[in-house]
Structure formats: C-alpha cells, structure tokens
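Visitor: Take a look at the following structure, please.
The values are calculated or read from the model by the stated rules, or taken from the named source; none is laboratory data. Nothing here was measured: the structure is a model prediction, and the numbers come from that model. Backbone-built Cβ (ideal geometry, glycine too); neighbour counts: all protein chains shown.
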Amino acid sequence: MFTKSLKVIFLFVSLLTFTASPSIAQQKSWEISVKDYEKYTGVVAANGRIGILPSSQILQTDKIILNNVYDKESPLGVSRVLLGMNFGNLDIFINGEQLDNTKIRNWKQTIHMKEARFTTSFNYKNLAEISYSIYALRNVQYTAYIDFEIKTSENIDLEVIGKIQASKEYNDPISTFRILKDAETTMPILQTVAKSQFGRHTVATSATFIWHDINSTKEGQRPELNHKKVSDYNNQLSFRKRVMKDENYKFAWTAAQCSTQDFYDPQTESERFVIFNLLTPRNDLLLQHKELWKELWKGDIIIEGDLQSQLDVRLALYHLYAFSRADSNLSIAPMGLSSQGYNGHIFWDTELWMYPPLLVLNQDIARSLVNYRSDRLEIAKKKAINFGYKGAMFPWESDDTGEEATPAWALTGTFEHHITADVGIAFWNYYRVTKDKKWLLERGYPLLKEVADYWVSRSTKNKDGSYSIKNVVGANEFASNIDDNAFTNGSAITCLRYTTLAATALGLSANKNWNAVADNLKIHKFDDGTTMEHSTYTGDRIKQADVNLLAYPLDIINDKETILKDLKYYEPKLAEEGPAMAQSIFAVIYARLGDAENAFRLFKRSYEPNKRPPFGALAEAATSNNPYFATGAGGMLQTVIFGFGGLHLSENGIIQKNPILPKQWKKLTITGVGPNKKTYVIE
C-alpha cells in the first residue's frame, strides 16, 4: 500500500513536472538575466528609430542613438550618426539619500526579448524593492517609456528627478518647462531644443512623468512637479511623494526625440508624442508595443536541446528586428542603433549579411532595406558619371544622402565596388521571394538595369575575349588595387544574370551585353583548381571570406570538389582580427555539403569568441570590443536558416534542400518563412 501510494505520488509529481517544464523552458529561451556587472557591455532597447543603451549603473542610460540623423564628425570630416540628448538618466532619493550602485543589493538586469523590454531591479536597505523597465516603443517610434515600480517595506520619503541632458556637442540649447492645458487636462512638458554640432539639424527632446490614474492629468491630482534648470545642457523635473509601508507605487517617465531630418517642426512634434503617451492608458500603450513585437516574432527560430544556442540565436534576431522598421525605408548600420561605430553608415553589411535572414522572416522589413537603396538611385547614377562609368555606382559607405560617406583616406570608399552588385543581388532576391511584380516594375528593375549597365562599363575586354574588372578592393580588404577579385567578379556575374531574369519577368528586352560580360568575366585558378582570390594572389592571409562567397551565396562554384578545396585552402588564412562573418559562410557551406560537425564548429566559432559579458553582445571580432555587431548576427542566422535549415532562395521562391542538424540539437523549427508564413521543422 505504501509503495503503491509512493508510485501514485511520484506519477503525479512527474506529470506536474512534465506539464510545467515546457513553459519554464520557453520562458528561459526568451530572457537573459544577469547579476554581475564587473565586466559590462549592455544590449539596447531599440525600435528602428531610437536606440537606448542601458548602463550597469542604476537609473542611468549610457547613450541614445538616432537612426538616419547625421551631422559631420569634424569640420573636415565625413558624416556621423548623432548621439541624441540623454533622457534616460534619473535620480532617486529615499529619505534624503541618493541611490547608486554602492548603496543597493540584489542588482539584476534582464533583457526580455519577446516583448523588447529591458528591466533593472534592486533592493535599497530593507526599505524598498525597486524595478524599472525601459521600452523603445515600437508603436510610437520616436519615443521611450521607462516604467517604474517601488514596493515598500516601511514608510519612505521618495524624491525622483528626471532629466534631459544634452552633450556639449550640441549648440545653443533652449531648455524650458511648460504646463500645457486644454480644458481640465494639464500636460507638463520638460523640453530642450538645440542645434547639432555643426548646425545641420535641430533636435528637440520633450519628457514628462506619468501617473497611471488618468485623473492625474487634472490639476491637483498628481504630485507637485518642480523644475530646475541646472544649465541649458541639464534640464530637470522632479517630484516628492510620501510612500506608505507595503505600498506598490507605480509611475513612468516618457520622452520623445525628434529632429529636422524627419520633421519640419521637431519641437512641437516631440511635445505631441509625449502628450500621446501621457494620455494613453499605460496598459493600452504597452499592449500595442507588445503586439507589434508579437507580430515580428512570427518569424522566429526555435532550437530544442541546446538552450545556449537558442539564446544566442534569439539575441541576434532580436537585434536585427530592433534595429529595423518595415515602414521606414531605412537600412541597418553594422552596429545598428547600439553606437556610432563606423559613423552609423550603411555598408554591404546590410545586403549580404543582415538582409537575407530578414528577407526570409519578414519581407516588410526587407522591403524597407532595398527601398533605402532605390530612394538613392539618382545619387548613385551621378556617382557613376563622376567616375567615368555608365549606370549607377553605389557608395561603399552610405548615409542619409546616398553620396559616398567613406573617409577619403580609406581606399575602400574609392575602390570597393562590389557593393553595387551586392545591392542588385538583394533586389532580385526580394522579387524571387515576394513575386511582387509592381515593385519590380517601379523600383526593382529600374535599379537593376542601371547596376547592370555599370558593370558592363566597369569591365575591360581582354584580347582573348574574356573580361576583367581591374583596380578594386575586394571583400578581403587586406588586398587593395587588385585585378579580377574573385568576389567582385562573382557578384558582378550574378547581378548581370539576375538583371536579365528581371527583364524577362517583365516582358522586356535584355541588353545583350549583360550576358556577354557575365559569361566571360575571369575567375582565376591555381594549377590544382583552387580558386584564386585575385589575379596575383600568392597565399597571403585574408581579412574575411572572399573566394568562398562564390559557393554561397552566389552559387557560381557548385561542384563539391572545388568547394572543398577552397574551404580547406582559405580557412587557415583567416586573420584573427578579421570580422566574424567568414566563419558563418564556411559553416553554411559545410552544412550544405552534409558535414554537420564542421558546420557546427564554425557556427560556434563565428560568434562565441566575440560575445561580451554579461549578456553576450557580439563584437565585430574576437580581438575587438565594439558591440553590438549586427553584421555578425546576420551571419550566424544565415548558418541556421540557409545551412542547418536547408533553405534556399530560388526562382520558385524559398525552397528547402537537404537540411541537417548538429548532434547537439534535437530539433530546429523556423517559423514565418516567406509570404505564406510557412513553418519548417528539422528533427
């Protein structure tokens, strides 16, 4: 009887465990929590317009990044994306003592990827438990919302100070506090308006406190607000409150930041955004944000059997979603909205690395990325004329203008021309996936035609009837001013062929020169058949994948023997200080060859040495410290989607061929694939 009872109890407990475990495991796969900030690199809350980088220090924000808002980096320098005014630094005093990291315990931070919420929590003595969550609101895209909750164990006197802080790079700041009023509704607005460093833009930041009871918008229904202008660069708003024992006190701080890049009147628009957040019920406002993220996560990657890989992959995909918007016609810089790295310029990093995963999982965002280029087509056509070519010539580094933004001393800006083919390839791939003929007619083909004409004019006909592309910097930027770079020629060949396909799809006549050049561009080989990286390559170390890109994604080299020769020859030549993406390419290729072991080895090598504590933010290289490197995130995601998942971009859309799993994974599920939102399961 006793034994039988134990069995029943054991069975009951087992059933409870079985029922509960998936929910617990699922939650763990969406959150990264940390309790140590000795070595600290934060991860951003972002919405495609504003990036907010938290700090390890409580109540502080490291920086605010404004997407596509540029001024010069120096009087004689190129453009650089703006650091916004910092609206994320607050002060809290309890019983007259200011809180900081030295006065608290149980510090904890969590990135909740599912709903794009960054939460910090801590305890102050035995008096209060404090937590706050930062949202870069997806629904109100120029705004942030910091949601506070204070649980008291004793009566406390609370003082909270919110700030708008403009760095000294801003000029002529005007800092004010006004209480706007409509009937019985009062709207307190703290605001700073200033010129960017070299005067290109006016930036306006507005902010206010919110108490979630709607009656607090009426006179006398909220704590008294006190304004203090420490200086024109430090504008403050505060309140005091007696909070009683066992009370759960809630309030929020919201801010909006607008510029003349996007608004004729950024000052008034920033006020309107804050008023909208102030007068929209909290639950409604945050639900809209969460619902938009829920929609984004319909395109997801689920890994079973390897929680760490799941978290790594989710964090990568979270960043690509956070750095982009479907409604923006903007692109993604290598560091996204995490820093001013590479001046916030747009490179091939988007088209070759970040774009393919997004094209598979979210065609609306992908359309924004390609439209960014077609919006700047006329500038690219002018550049081609200026350098003596036909068609369109895209800049190696692009900003809001579409002109070349690379520093003049960097040879990449003058000679790294494969970017123009990378753009064209991305355009045809968008049509392959979406079959959007209207877009192809209006945006896709007009750009493809100009790009193809550029490559015809950029090529030189040799005496033997072949063609060469001379004097370039290739994907391997260690080799400059070389001829017949493998990837440059390979991407040009691919782009020319795609343009012919685009013309055919629209019932138009293709320029016969496109195929003539594509069929005869030179790809040099060593005597044993290994592909040479350029015409005079003798085995030097390389910065990143170049030749191997001809196997994937270009599919120009597709016989297994040559693919393996190229893999084995070039992998040992990769420089440690090079970016991570090369390992991703090798991993995809090995997976497609059916070698899961080498694919998984290189998948891990593509990002694990680049992870920075405590969250695992990716740096560009194992030897650098410049996270978050969205390009590397795109590479690792390609390994999962196009390698292990076996997905291919084809003339018939997205198809699957020979998926394969590493032994470390039990199951891989890719959801929301393509326009029909298909699900692929690999076991």
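Visitor: If I filter region 644-654 for residues that are in a helix (DSSP H, G or I), of a type outside the set (A, V, I, L, M, F, W, C) and surrounded by 15 or more Cβ atoms within 10 Å (Cβ to Cβ), do I get at least one hit?
Guide: Residues of region 644-654 that are in a helix (DSSP H, G or I), as a first pass: 644.
Now narrow it down to the ones that are of a type outside the set (A, V, I, L, M, F, W, C): none.
No: zero hits.
Visitor: So is residue 237 surrounded by 14 or more Cβ atoms within 10 Å (Cβ to Cβ), touching a Ser or Thr at 6+ places or on another chain (Cβ under 9 Å) and free of Cβ contacts under 8 Å to residues at least 60 places away in the same chain or not? Quick ask: steps written out before the conclusion?
Guide: Numbers: surrounded by 14 or more Cβ atoms within 10 Å (Cβ to Cβ): yes; touching a Ser or Thr at 6+ places or on another chain (Cβ under 9 Å): yes; free of Cβ contacts under 8 Å to residues at least 60 places away in the same chain: no.
No: the conditions fail for residue 237.
Visitor: What number goes with the only condition from (1) at pLDDT 70 or above; (2) of a type in the set (S, T, N, Q); (3) exposed (fewer than 10 other Cβ atoms within 10 Å of the Cβ) that residue 5 does not pass?
Guide: (1)
Visitor: Still on this structure, please answer the following. Does any residue of region 517-536 turn out to be of a type in the set (Ser, Thr, Tyr), without any contact (Cβ under 8 Å) to a residue 60 or more places away in the chain and in a loop (DSSP other than H, G, I, E, B)? Let's see the steps before the verdict.
Guide: From region 517-536, those of a type in the set (Ser, Thr, Tyr) are 530-531, 535-536; that's our starting set.
If we keep only those that are without any contact (Cβ under 8 Å) to a residue 60 or more places away in the chain as well, we get 530-531, 536.
Now narrow it down to the ones that are in a loop (DSSP other than H, G, I, E, B): 530, 536.
Taking every residue of region 517-536 in turn, at least one turns out to be of a type in the set (Ser, Thr, Tyr), without any contact (Cβ under 8 Å) to a residue 60 or more places away in the chain and in a loop (DSSP other than H, G, I, E, B).
Visitor: I'd like to know if region 225-233 contains one or more residues that are at pLDDT 95 or above and either at positive phi or of a type in the set (S, T, N, Q) (or both).
Guide: So far as region 225-233 goes, yes, one or more of its residues are at pLDDT 95 or above and either at positive phi or of a type in the set (S, T, N, Q) (or both).
Visitor: What do you reckon, is residue 438 among the basic types (Lys, Arg), surrounded by fewer than 20 Cβ atoms within 10 Å (Cβ to Cβ) and under 33 Å from the mean Cα position of the chain (by Cα)?
Guide: yes
Visitor: Would you mention how many residues in region 82-103 are in a strand (DSSP E or B) and surrounded by fewer than 16 Cβ atoms within 10 Å (Cβ to Cβ)? Give the steps one after another, and end with the answer.
Guide: Step one: of region 82-103, the residues in a strand (DSSP E or B) are 82-83, 86, 90-94, 97-98.
So of that shortlist, the ones also surrounded by fewer than 16 Cβ atoms within 10 Å (Cβ to Cβ) come out as 97-98.
The qualifying residues number 2.
Visitor: Among the residues of region 293-309 satisfying the criterion of being assigned to a helix (DSSP H, G or I) and buried (at least 17 other Cβ atoms within 10 Å of the Cβ), which is farthest from the chain's Cα centre (by Cα)?
Guide: Applying the first criterion (assigned to a helix (DSSP H, G or I)) to region 293-309 yields 293-296, 307-309.
Then drop every residue that is not buried (at least 17 other Cβ atoms within 10 Å of the Cβ), which leaves 293, 296, 309.
Values: 293: 14, 296: 13, 309: 19 Å.
Of everything passing the filter in region 293-309, 309 is farthest from the chain's Cα centre (by Cα).
Visitor: Another one. Quick one: which residue in 327, 312, 265, 246 is farther than 24 Å from residue 59 by Cβ, surrounded by fewer than 16 Cβ atoms within 10 Å (Cβ to Cβ), out of contact with any Asp or Glu (no Cβ under 6 Å at 6 or more places or on another chain) and modelled with pLDDT of 95 or more?
Guide: Working: 327 fails: modelled with pLDDT of 95 or more; 312 fails: surrounded by fewer than 16 Cβ atoms within 10 Å (Cβ to Cβ); 246 fails: farther than 24 Å from residue 59 by Cβ.
Sole residue among the options that is farther than 24 Å from residue 59 by Cβ, surrounded by fewer than 16 Cβ atoms within 10 Å (Cβ to Cβ), out of contact with any Asp or Glu (no Cβ under 6 Å at 6 or more places or on another chain) and modelled with pLDDT of 95 or more: 265.
Visitor: Out of the residues in region 16-42 that are hydroxyl-bearing (Ser, Thr, Tyr) and in a helix (DSSP H, G or I), state the one that is modelled with the highest pLDDT. Explain how you work it out, then say what you get.
Guide: Step one: list which residues in region 16-42 are hydroxyl-bearing (Ser, Thr, Tyr), which gives 17, 19, 21, 23, 29, 33, 37, 40-41.
Now restrict to residues that are in a helix (DSSP H, G or I): 17, 19, 21, 23.
Details: 17: 35, 19: 35, 21: 42, 23: 54.
Selected residue: 23.
Visitor: Mind telling me which of the residues 591, 587, 582, 633 ends up being crowded, with 24+ Cβ neighbours inside 10 Å, part of a helix (DSSP H, G or I) and at pLDDT below 95? Can you show your working first?
Guide: Working: 591 fails: at pLDDT below 95; 587 fails: at pLDDT below 95; 633 fails: at pLDDT below 95.
Just one listed residue meets the conditions, 582.
Visitor: Any idea which residue in region 73-124 is farthest from the chain's Cα centre (by Cα), counting only those that are small (Gly, Ala, Ser) and closer than 28 Å to residue 616 by Cα?
Guide: 121
Here's the yes/no breakdown for (1) among the aromatic types (Phe, Trp, Tyr); (2) crowded, with 21+ Cβ neighbours inside 10 Å; (3) in contact with a Lys or Arg (Cβ under 6 Å, 6 or more places away or on another chain):
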position: 107; (1), (2), (3): yes, no, no
position: 112; (1), (2), (3): no, no, no
position: 116; (1), (2), (3): no, yes, no
position: 121; (1), (2), (3): no, no, yes
position: 125; (1), (2), (3): no, no, no
position: 129; (1), (2), (3): no, no, yes
position: 132; (1), (2), (3): yes, yes, no
position: 144; (1), (2), (3): no, yes, no
position: 154; (1), (2), (3): no, no, yes
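Visitor: Tell me, yes or no, whether region 256-277 has at least one residue that is in a strand (DSSP E or B), in contact (Cβ under 8 Å) with a residue 12 or more places away in the chain and closer than 16 Å to residue 135 by Cβ. Full working, then the answer.
Guide: Taking region 256-277 first, the residues in a strand (DSSP E or B) are 256-259.
Filter again for in contact (Cβ under 8 Å) with a residue 12 or more places away in the chain, leaving 256-259.
The next check asks that each one be closer than 16 Å to residue 135 by Cβ; those that pass are 256-257.
Yes, region 256-277 contains at least one residue that is in a strand (DSSP E or B), in contact (Cβ under 8 Å) with a residue 12 or more places away in the chain and closer than 16 Å to residue 135 by Cβ.
Visitor: Among the residues that make up region 428-440, is at least one of them free of Cβ contacts under 8 Å to residues at least 60 places away in the same chain and over 25 Å from residue 506 (Cα atoms)?
Guide: No; the residues of region 428-440 include none that is free of Cβ contacts under 8 Å to residues at least 60 places away in the same chain and over 25 Å from residue 506 (Cα atoms).
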